[in-house]
Structures are given as C-alpha cells and as structure tokens.
Amino acid sequence: MSARRLAGPELVRVLPGYWTPAAAPASLDALCYRLQRTVLPGAVISDATAAALMGWPLPWWWERGIGLLAEQEIMTPFGPITPSAAPVPLRPLGASAGPAAFAERRTREIPIWLPPPLHCTLPREGPHRAGPNVTVHRRLHPGEAFLWRGIMLSHPVEVLCQIAGSLPHDDLVVVLDHLLGPNCRHKGLTCDEILAALDARAGHRGTSAVKAALTDARSGVESAGETRLRLLLGRAGFPEPVVNLAVPDPDRPGSSRRIDLGYPEEKIGAENQGDYHRTRRDQWRADEGRRDSLASVGWQLREATADDITAPARFLNGMRRAFLAAGAEAPPASNWLGDARASLARRSAPPRR
C-alpha cells in the first residue's frame, strides 16, 4: 500500500500499523484480536468493549453507541462476530437514478465511520499506549479473564464493576437481568454466583453499585423493556409481578401463553410493546390472537411502549383502574402525578450531570 493511499479516505487507521477499509471496516472481534495479539500482547479486553462483544443490552447513547453493535451480531461460517459499524438505512432511489445520485447519497446520508472505543486492561509494566482509539486501563487488581470467541475478556462480573460507574442504576439492572435471563449468549450466571464474586472483590471500585442493582434484578427476563416496565411498577407502588408468567391457553389444551409481567390473583398483565410488535405483521397477528384468547378467560392486559417509560401517567392510570376493577388494592395516583412524576419517568437519553 502506498503512503498516499494509506493517507486517503479509502482507509482508516485503527491501530498502530493497521488500517481498515472505511466502506467495510473490520469487525469488533478482529480489532480486539489484533490489539491483544500483536499491538499490546497480553492485554485483556475489558469495560464497554467486552460488554459489547458479549452482547449485553447497553444504552444507545453510551460509549459512542457501542451497544448498538451488540444488536447487529453476524453469523459467519467461522462463527458469530460483532461488527464495528451499525448498518445505515438508506432512502430508496428511483430506477432512473444515475451515478451522481448515488454519490450524493453517500455524501449526505452515510456518516463517516469512526472506530468503536476499544478498552483493554494491562496489569503489568510495559507498553500501555496503542493510539487514540484505545483506552488502556492499568489496574492493580485486573480480576479473572476468560476466552470468548478466541479473545481474552475480563470476567463478566469484573466487567459489571468496570462499567458500573458510568451507567445509571436502571441500565445496570437491565444488564443484570440479561445475565440472569434466558437470552444471555454465554454461560448464564446465577444471582448467588454474582454475589459471591462481588464479595470476593469487596471494597473494589464498582462493587457497591453492582450490589445495589442486583437487589432489583430478577431471573427469567427476556428484554430490556420488561426490566424497565417492572422497575416502573415497583416505583409506582404496585406489588411485585411474576416475570414471564405462564398461563393456560384456553384455545389449546395442554399449552400455555406467557405474559411479560403478570398478577395471577387479579388476572392482570403488563406487557412491554416494542416496535417489532407493530412493524411485523406475523407478530401483530399473534399478539391480537393471544390477547383475545386471554381476555376470554378474564385476563386484562395493559400495554406499555417506550413512551410510557418516559411519561408513565397514562399507563399507570390504566393499571390502577384494572386493579380496582378486579377488587384489588391499588396505589394512589398521587404516586405518579404532580411532583412525583419526575421521580418515576426515565428518559432514554444520557443522564443529566
């Protein structure tokens, strides 16, 4: 490669001595592998980078959107990999569009690719710089490491403590629910195992924040939306719901339907409705059939969207009416109206400092 070509827009320098095509950048896996194998031998991938590689549900605004990469995992003949750039949706061009239209679209609609943040830990003396895209952490107690898809990562509990200082409480609970839930990509951890690992590193940075979040975490949760909805109900004063409650299906004897958050005695369910429930026709039809079947045997299902987490009064008023109609006690509306509103709402944005 000529020096002129290396300095041009076609290639991006990601690590000392390494470039990648801007139009098809190397995966996050490849960047981490090269970082710890040749650039900083012995480095352990840690912090936000390790969390993204393990597929944790991270907030979109955190660490330059590295959490969005975890959602785009690609299956290849060699196994799954995490890309280093999220796909950009493009507006369709007409059949008569010429080269100039495509060039204009690339200039205006496709953002310039920037390398994702690369975090690693080096516990020993030696080189500890690898360019502007790499943050090297020198820790006296680096903790346990394990092999993940050919890359050495900090242990999940260690990563929890590393990121605890920069994540709000609810987002940390979301991550813990994922680790305790069925969709975790690596070997699931139990609450007792996490607590034991935290006790072993008592007094270290991040431990207390993870312990506080662990008290609000639950097993069996399948999405971040379910976690946020459950936390909202608890803060509003509603009793603890059953996570992913299995209910007998009245139309299919011997089978069951699941409710995100259920109150079996009152026959009330709270459902998190992500956008895929609206955009996928088969999902919408399945939701309608499920709702009708459960309503026929007395279940009331209250649905919440992401907007209801930000402005929860509408949803919580509906839940209160459902509880009262079932003859059950319900928290007063003053818990989420007036001055109390600000303490319940959670914005899907960076926390204010």
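Data overview
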item: Top-ranked residue of the range 219-246 - restricted to ones that are in contact with a Phe, Trp or Tyr (Cβ under 9 Å, 6 or more places away or on another chain) and in a strand (DSSP E or B), ranked as modelled with the highest pLDDT; result: Val242
item: Meets criteria (closer than 22 Å to Leu344 by Cβ and of a type in the set (Gly, Ala, Ser)) for Gly262; result: yes
item: Identity of the residue in the range 284-305, of a type in the set (Asp, Glu) and in a helix (DSSP H, G or I), that ends up modelled with the lowest pLDDT; result: Asp287
item: Checklist (1) under 21 Å from the mean Cα position of the chain (by Cα); (2) within 27 Å of Arg257 (Cα to Cα); (3) outside any helix (DSSP H, G or I) applied to Leu153, failing item; result: (2)
item: The range 9-40 - residue that is part of a strand (DSSP E or B) and of a type in the set (A, V, I, L, M) and, of those, surrounded by the fewest Cβ atoms within 10 Å (Cβ to Cβ); result: Leu11
item: Some residue of the range 41-59 being over 19 Å from Cys161 (Cα atoms), surrounded by 18 or more Cβ atoms within 10 Å (Cβ to Cβ) and modelled with pLDDT of 90 or more; result: no
item: Sole exception among (1) farther than 23 Å from Pro80 by Cα; (2) assigned to a helix (DSSP H, G or I); (3) touching a Ser or Thr at 6+ places or on another chain (Cβ under 7 Å) for Leu6, by number; result: (3)
item: Search result, residues across the range 310-338 that are on the phi < 0 side of the Ramachandran plot, of a type in the set (Gly, Ala, Ser) and in a loop (DSSP other than H, G, I, E, B); result: Ala311, Ala326, Ala328, Ala330
item: Flag if Tyr33 is in contact with a Gly (Cβ under 8 Å, 6 or more places away or on another chain) and in contact (Cβ under 8 Å) with a residue 12 or more places away in the chain; result: yes
item: Residues satisfying the stated conditions in the range 215-229, i.e. of a type in the set (D, E, K, R) and under 16 Å from the mean Cα position of the chain (by Cα); result: Arg218, Glu222, Glu226, Arg228
item: Residue satisfying condition, being of a type outside the set (D, E, K, R) and touching a helix residue (DSSP H, G or I) at 6+ places or on another chain (Cβ under 7 Å), within set Ala202, Ala213; result: Ala213
item: Unique residue being under 30 Å from Ala145 (Cβ atoms) and among the aliphatic types (A, V, I, L, M) when the list is Ala213, Ala270, Ala246; result: Ala213
item: Inter-residue pairs, beta-carbon under 7 Å, first surrounded by 11 or more Cβ atoms within 10 Å (Cβ to Cβ) and in the range 339-353, second assigned to a loop (DSSP other than H, G, I, E, B) and modelled with pLDDT of 70 or more, 6+ apart; result: Leu344/Pro312; Leu344/Trp336; Ala345/Ala311; Ala345/Pro312; Pro350/Trp61; Pro351/Pro168
item: Matching entry among Ser293, Ser334, Ser343 (being in contact with an Asp or Glu (Cβ under 6 Å, 6 or more places away or on another chain) and of a type in the set (Ser, Thr, Tyr)); result: Ser293
item: Identity of the residue in the range 137-187, of a type in the set (D, E, K, R) and either touching a helix residue (DSSP H, G or I) at 6+ places or on another chain (Cβ under 7 Å) or modelled with pLDDT of 90 or more (or both), that ends up surrounded by the fewest Cβ atoms within 10 Å (Cβ to Cβ); result: Glu144
item: Meets criteria (in a helix (DSSP H, G or I), more than 19 Å from the chain's Cα centre (by Cα) and surrounded by fewer than 16 Cβ atoms within 10 Å (Cβ to Cβ)) for Ala202; result: no
item: Inter-residue pairs, beta-carbon under 6 Å, first more than 19 Å from His137 (Cα to Cα) and in contact (Cβ under 8 Å) with a residue 24 or more places away in the chain and in the range 42-70, second part of a loop (DSSP other than H, G, I, E, B) and among the hydroxyl-bearing types (Ser, Thr, Tyr), 6+ apart; result: Leu69/Thr82
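Yes/no matrix, rows are residues, columns are (1) in contact (Cβ under 8 Å) with a residue 40 or more places away in the chain; (2) more than 14 Å from Val174 (Cα to Cα):
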| residue | (1), (2) |
| --- | --- |
| Leu198 | yes, yes |
| Gly206 | yes, yes |
| Leu214 | no, no |
| Gly220 | yes, no |
| Ala236 | yes, yes |
| Ile259 | yes, yes |
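The values are calculated or read from the model by the stated rules, or taken from the named source; none is laboratory data. Since the model is a prediction, treat every value here as computed from it, not as a measurement. Glycine also receives a Cβ, built like all others from the backbone with ideal geometry; neighbour counts cover every protein chain displayed.
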